[in-house]
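The structure appears right after this line, and notes come after that.
The values are calculated or read from the model by the stated rules, or taken from the named source; none is laboratory data. Worth saying up front: this structure is predicted, and the values here are computed from it rather than measured. Neighbour counts run over all protein chains shown; Cβ positions are idealised from the backbone, glycine included.
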Amino acid sequence: MKLPLVELHLHIEGTLEPELIFELAERNGVAVPWATLAELRAQYEFTDLQSFLNLYYHNLDVLRQAADFTDLTRAYLARAADAGVRHAEIFFDPQAHTSRGIPLLTALGGVTDALGNSVADFGISTKLIVTFLRDRPADEALQILTEILASGYTIDGVGLDSAEVGYPPELFEEVFALAAANGLRRVAHAGEEGPPEYVWSALDRLGVERIDHGIRSLEDAALVERLVRERVPLTVCPFSNVRLRAIDTLADHPIVRMLDLGLLATVNSDDPAYFGGYIDDNLAALDAEFDLGPDRLALLARNGIEASFLEPAEKAALSLDVDAWRAAQP
């Protein structure tokens, strides 16, 4: 029996594996600058967040048709099912596609087509969180959210991502107010490369219910106390933190300290095609590095369930499955 997992920090565009890049490039007649998979994989050494984003956005050029987005999403769901994921709350960046001339509803429709069959085809329930690129104008994000709300497509929440430093959360207050007025859940990347002040701002100015990353929260004792007291989830991505040099090595990762402090920390894969592994790979590496053992692995799984936007009955059912997994361990 696999440990039942919930994934809460997963960019669907970040699951674009090199093999699929070449397949879609051929399908759509898109020229790529690499002759082989090995040449492309050699690009996956990053010095910081921006160096990753440069390759990330370049690769997205192969996504042109709705079917491409459907295939991308289904490929993630298949891999997630192998990892033991039972529920995923997936980020989708519309501006990464509209900015290069792909119609909003082409991209959104392709993703939602796959998510609509996720339970039947993969045994994974899903929610869709539309994330906005903080290094693009807030007015553009507001326009896109307005279009989505009028489109007839259902989304579950909004988020904020991309280059963090220099783009504080409060720039997007109007966008998040519109989301709240329409009953959407709200999350935001904060405290990865940006300072703890960005976490405060995301909570107080945007009204977010989860903080994505949040590792720099540990620099602010008052913030940690608040996050613990209010049970604000942090969707932590260990491989991402190391690959983007936010943390030097996995051995330096603060996940155990976060748990010891009582933070509602969860483990996720972020952009797994770029950072060396999916959610099960992250957990296995943490277990090997820190000897987490069944109790802490089960705690992380339960944290993911608690931090999700599932209904209470759904959370309770998944928690029972985690309890069953724990009882089966030595």
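Would you check if Leu263 is at pLDDT 95 or above, farther than 24 Å from Leu72 by Cα and crowded, with 21+ Cβ neighbours inside 10 Å?
yes
Please go through the range 1-14 and pick out each residue that is more than 24 Å from Val165 (Cα to Cα), in contact with a Phe, Trp or Tyr (Cβ under 9 Å, 6 or more places away or on another chain) and either modelled with pLDDT under 95 or not in a loop (DSSP other than H, G, I, E, B) (or both).
First, the residues of the range 1-14 that are more than 24 Å from Val165 (Cα to Cα): 1-7.
If we keep only those that are in contact with a Phe, Trp or Tyr (Cβ under 9 Å, 6 or more places away or on another chain) as well, we get 1-4, 7.
Within the range 1-14, Met1, Glu7 qualify.
If a residue must be in contact with a strand residue (DSSP E or B) (Cβ under 9 Å, 6 or more places away or on another chain) and within 17 Å of Glu89 (Cβ to Cβ), how many such residues does the range 284-314 contain?
Number satisfying all stated conditions: 11.
Inspect all residues belonging to the range 123-131 and state whether any of them is in contact (Cβ under 8 Å) with a residue 24 or more places away in the chain, surrounded by fewer than 16 Cβ atoms within 10 Å (Cβ to Cβ), part of a loop (DSSP other than H, G, I, E, B) and more than 17 Å from the chain's Cα centre (by Cα). Give the steps one after another, and end with the answer.
Initially, the range 123-131 is screened for residues in contact (Cβ under 8 Å) with a residue 24 or more places away in the chain, giving 123-131.
Filter once more, keeping what is surrounded by fewer than 16 Cβ atoms within 10 Å (Cβ to Cβ): 123.
Subsequent filtering for residues that are part of a loop (DSSP other than H, G, I, E, B) retains 123.
Applying the additional criterion that residues be more than 17 Å from the chain's Cα centre (by Cα) yields 123.
Checking the range 123-131: at least one residue is in contact (Cβ under 8 Å) with a residue 24 or more places away in the chain, surrounded by fewer than 16 Cβ atoms within 10 Å (Cβ to Cβ), part of a loop (DSSP other than H, G, I, E, B) and more than 17 Å from the chain's Cα centre (by Cα).
Looking only at the range 143-160, count how many residues are crowded, with 18+ Cβ neighbours inside 10 Å and either more than 18 Å from the chain's Cα centre (by Cα) or modelled with pLDDT under 95 (or both).
Initially, the range 143-160 is screened for residues crowded, with 18+ Cβ neighbours inside 10 Å, giving 144-145, 148, 155, 157-160.
Adding the requirement that they be either more than 18 Å from the chain's Cα centre (by Cα) or modelled with pLDDT under 95 (or both) leaves 144-145, 148.
Selection size over the range 143-160: 3.
Across the range 19-44, which residue is modelled with the highest pLDDT among those that are more than 15 Å from His58 (Cβ to Cβ) and exposed (fewer than 11 other Cβ atoms within 10 Å of the Cβ)?
Ranking the qualifying residues of the range 19-44, first place goes to Gly29.
Tell me the residue from Asp48, Asp82 that is touching a Lys or Arg at 6+ places or on another chain (Cβ under 6 Å), over 28 Å from Ile148 (Cα atoms) and either modelled with pLDDT under 95 or surrounded by fewer than 19 Cβ atoms within 10 Å (Cβ to Cβ) (or both), please. Walk me through how you get there before you give the answer.
Details: Asp82 fails: touching a Lys or Arg at 6+ places or on another chain (Cβ under 6 Å).
Testing whether each residue is touching a Lys or Arg at 6+ places or on another chain (Cβ under 6 Å), over 28 Å from Ile148 (Cα atoms) and either modelled with pLDDT under 95 or surrounded by fewer than 19 Cβ atoms within 10 Å (Cβ to Cβ) (or both) leaves just Asp48.
Considering each residue of the range 205-221, count those that are assigned to a helix (DSSP H, G or I) and in contact with a Phe, Trp or Tyr (Cβ under 7 Å, 6 or more places away or on another chain), and give that number.
So in the range 205-221, the residues assigned to a helix (DSSP H, G or I) come out as 215-219, 221.
Of the ones still in play, those that are also in contact with a Phe, Trp or Tyr (Cβ under 7 Å, 6 or more places away or on another chain) are none.
Here the count works out to 0.
With the checklist (1) at pLDDT 95 or above; (2) farther than 29 Å from Ile21 by Cα; (3) surrounded by fewer than 17 Cβ atoms within 10 Å (Cβ to Cβ) in hand, flag the one item Asp281 doesn't pass.
Tallying (1) at pLDDT 95 or above; (2) farther than 29 Å from Ile21 by Cα; (3) surrounded by fewer than 17 Cβ atoms within 10 Å (Cβ to Cβ), Asp281 fails exactly one: (2).
Residues are listed down the side, and each one gets a yes or a no for (1) out of contact with any Leu (no Cβ under 8 Å at 6 or more places or on another chain); (2) surrounded by fewer than 22 Cβ atoms within 10 Å (Cβ to Cβ); (3) part of a helix (DSSP H, G or I):
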site	(1), (2), (3)
Phe91	no, no, no
Thr106	yes, yes, yes
Ala120	yes, yes, yes
Ala141	no, no, yes
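What about Leu16, is it among the aliphatic types (A, V, I, L, M) and touching an Asp or Glu at 6+ places or on another chain (Cβ under 8 Å)? So that I can check it myself, show each step before the final result.
Numbers: among the aliphatic types (A, V, I, L, M): yes; touching an Asp or Glu at 6+ places or on another chain (Cβ under 8 Å): no.
No; evaluated as a whole, the condition is false for this residue.
Return the pair list, or none, for Cβ contacts closer than 6 Å from residues in the range 184-196 that are surrounded by fewer than 22 Cβ atoms within 10 Å (Cβ to Cβ) to residues that are part of a strand (DSSP E or B) and not aliphatic (A, V, I, L, M), at least 6 apart or on different chains.
Cβ pairs passing all conditions: Leu184/Gly157; Arg185/Gly157.
Tally the residues that are in contact (Cβ under 8 Å) with a residue 24 or more places away in the chain and either crowded, with 20+ Cβ neighbours inside 10 Å or closer than 16 Å to Asn268 by Cβ (or both), restricting the search to the range 300-330.
12
Check Asp252 against each of (1) free of Cβ contacts under 8 Å to residues at least 24 places away in the same chain; (2) within 21 Å of Arg185 (Cα to Cα) and name the one condition it does not meet.
All conditions are met except number (2).
Is it true that some residue in the range 223-233 is assigned to a strand (DSSP E or B) and either out of contact with any Pro (no Cβ under 7 Å at 6 or more places or on another chain) or closer than 21 Å to Leu5 by Cβ (or both)?
Yes, the range 223-233 contains a residue that is assigned to a strand (DSSP E or B) and either out of contact with any Pro (no Cβ under 7 Å at 6 or more places or on another chain) or closer than 21 Å to Leu5 by Cβ (or both).
Looking at the range 56-63, is at least one residue within 23 Å of Val187 (Cβ to Cβ) and among the β-branched types (Val, Ile, Thr)? Give the derivation first.
Filtering the range 56-63 down to residues within 23 Å of Val187 (Cβ to Cβ) leaves 56-57, 60.
When the remaining residues are screened for being among the β-branched types (Val, Ile, Thr), the result is none.
Looking through the range 56-63, none of the residues is within 23 Å of Val187 (Cβ to Cβ) and among the β-branched types (Val, Ile, Thr).
Only one of Ala188, Ala163, Ala202, Ala177 is more than 16 Å from Ala307 (Cβ to Cβ), of a type outside the set (D, E, K, R) and either part of a helix (DSSP H, G or I) or modelled with pLDDT of 95 or more (or both); which?
Working: Ala188 fails: more than 16 Å from Ala307 (Cβ to Cβ); Ala163 fails: either part of a helix (DSSP H, G or I) or modelled with pLDDT of 95 or more (or both); Ala202 fails: more than 16 Å from Ala307 (Cβ to Cβ).
On inspection, the qualifying residue turns out to be Ala177.
From the list Val236, Val224, which one is buried (at least 17 other Cβ atoms within 10 Å of the Cβ), farther than 21 Å from Leu160 by Cβ and either touching a His at 6+ places or on another chain (Cβ under 7 Å) or of a type in the set (Val, Ile, Thr) (or both)?
Details: Val236 fails: farther than 21 Å from Leu160 by Cβ.
Going through Val236, Val224 in turn, the sole match is Val224.
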